[in-house]
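FYI, it's all coordinate maths here, none of it is from the lab. Here the structure is a predicted model, which means the values were calculated and not measured. Here the Cβ is made from the backbone with ideal geometry for all residues, glycine too, and neighbour counts use every protein chain on show.
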Amino acid sequence: MAEQSTPDGTGQPAAAPPPAAPAAPPAKVGFGVTALVLGIVAVFLCWIPLIGLILPILALVFGGIGIYLHNGKGMAVAGLVLGIITFALNMGIMLFSAFKA
């Protein structure tokens, strides 16, 4: 019977490959995504008095936390900016309504 050859020529079976590296944990972008979603929804609902005031504040809070934790920083900044713009827009709508009446 013929001896089987191996790549190293020793006749010994090849060593098992090293174990694969563990998978990286998924990125945690919860605060950034939350800030962005709240900011976008706030833009569309800014004309409703109570909702238009609460959603931008929540977007500001979650955006600030996301930036502080470096947690989805790009989305957190976008949510923060949308929250600021929507809050200012809502204040403008409320002031306009107050002086118009």
Problem set entry | In region 21-101, trypsin sites (Lys or Arg not before Pro) in a DSSP loop with at most 13 other beta-carbon atoms within 10 Å | 28
Exercise. Can you run phi through the Karplus equation (6.51, -1.76, 1.60; θ = phi - 60°) for region 64-74 and list ³J(HN,Hα) in whole Hz, with x for Gly and Pro?
Worked result: x, 5, x, 5, 4, 8, 6, 10, x, 4, x
Problem set entry | In sequence order, calculated HN-Hα J values of region 39-45 (Karplus, 6.51, -1.76, 1.60; Hz; x Gly/Pro) | x, 5, 5, 5, 4, 6, 10
Problem set entry | Burial ranking of peptide ranges 83-95, 59-71 (average Cβ count within 10 Å, highest at the top) | 59-71, 83-95
